[in-house]
1. Mind pulling the angle between the C-alpha long axis of helix A:119-132 and the longest principal axis of chain A? Nearest 10 degrees, somewhere in 0 to 90.
2. Give me the Å³ per residue figure for the convex hull around the C-alpha atoms of the stretch B:122-168.
3. Would you mind giving the average projected area, over all directions, of the Cα convex hull of chain B in nm² with one decimal?
4. Note down the relative contact order for chain A as a percent, whole number, built from C-alpha pairs under 8 angstrom at least six residues apart.
5. Over all alpha-carbon pairs of the stretch B:2-79, lay out the pair-distance distribution in 10 Å bins, whole %, shortest bin first.
6. Could you work out the pair-distance distribution P(r) of the protein assembly as shown from its alpha-carbon pairs, with 10 angstrom bin width and percents rounded to whole numbers?
7. For the stretch A:1-133, report the % of Cα-Cα distances exceeding 24 Å.
8. Give me B:144, A:80, A:14 ranked fewest to most by other Cβ atoms within 10 Å of their Cβ, as a rough exposure proxy.
């Protein structure tokens, strides 16, 4: 734990973090770092020394500083903490702990997303996502909202693959039956298509809240797809 | 830059080994201030200051009965440190080995390897692999630059006993011709 705490301490300075980010883009000399980040040479020198001491960066023969492989990896592994610290209020109220760890450990892949808190706007975005799907629509939620049924039916007629996962007590139109599987506990709401995805975790009050994160980022889409695939295997066919 | 500040604040609170010990204790069971101080051998003043800091950043919360427990956010934050914990424990290794070519989905899951021991001696590694192969009952999946010749008969024997073997090797690697491994 000492090693972890030392590492966290070095990364807990936003100046040092800015230096790391700059060096990840290109290796730089002391004077360039100081110009680029508008810090005094003394300040920069002190930070570079600290970062070198924990081996997050090293000095090349030409005097430039660049991240070590370890430093590069450490920054990558911060993405999950970046995502949850940016959305602290959300993660104080939503429970991620019931997701398999292989997905919660990958939360950082959701970092390039926007949060939609308004249920009406969320529904608008859901319609738009359904409308734009060309290849597949994979959904998982507490219910199949009646307004979304006609657009999904139209897409299915146009050869778009639909997979839905819902609790077993919901009413589903008979023509969608063989596209749907059932799961007793829905831990996360997911909508993913070949264009865009939405993810919403379970609210601690157990009362469904229709808010969620949206993104067209490929990592975000991949995460949602992997999670849906996992639950699809768990779910029972009609 | 707001994003970075939130992250740095969080990292700062977690960079104290005393606060981290408090978090780990509270994850096991909810505790009152006095119990935290006894259990972790800190003065009540110290424990109180740390609990205040952890509460301010909402990693822990105080219940009506006076006990402290981690928030959902706090629980999640600690679990997401496993990757950094693993690489910082093995810093020399990760200074010299390349992980970044792996698919990011696996890089982000590195923390899942943290309950492991590192073996630096090649002879011991090979002996350990022999043991692993011998003990396998259901499957043996291997991916490597090569297959050590001494391991071939062991694997063949396991396959005869119904063990599923899958090997991934570079194309230039000549599979032992006699082996039923190809």
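1. Approximately 80 degrees, to the nearest 10.
2. Cα convex hull per residue, to the nearest whole number: 63 Å³.
3. Here the figure is 15.8 nm², rounded to one decimal.
4. 17 percent.
5. Percent of Cα pairs in each bin: 19, 57, 20, 3.
6. 4, 17, 22, 23, 21, 11, 2, 0
7. Numbers: 4114 of 8778 pairs.
Cα-Cα pairs in the stretch A:1-133 separated by more than 24 Å: 47 percent.
8. By the 10 Å Cβ count, ascending, the order reads B:144, A:14, A:80.
Only the coordinates and a few stated rules stand behind these numbers; no lab work does. Only a predicted model underlies this, so the values are computations on that prediction, with no experimental measurement involved. Every residue, glycine as well, gets a Cβ built from its backbone with ideal geometry; the counts of neighbours run over all protein chains shown.
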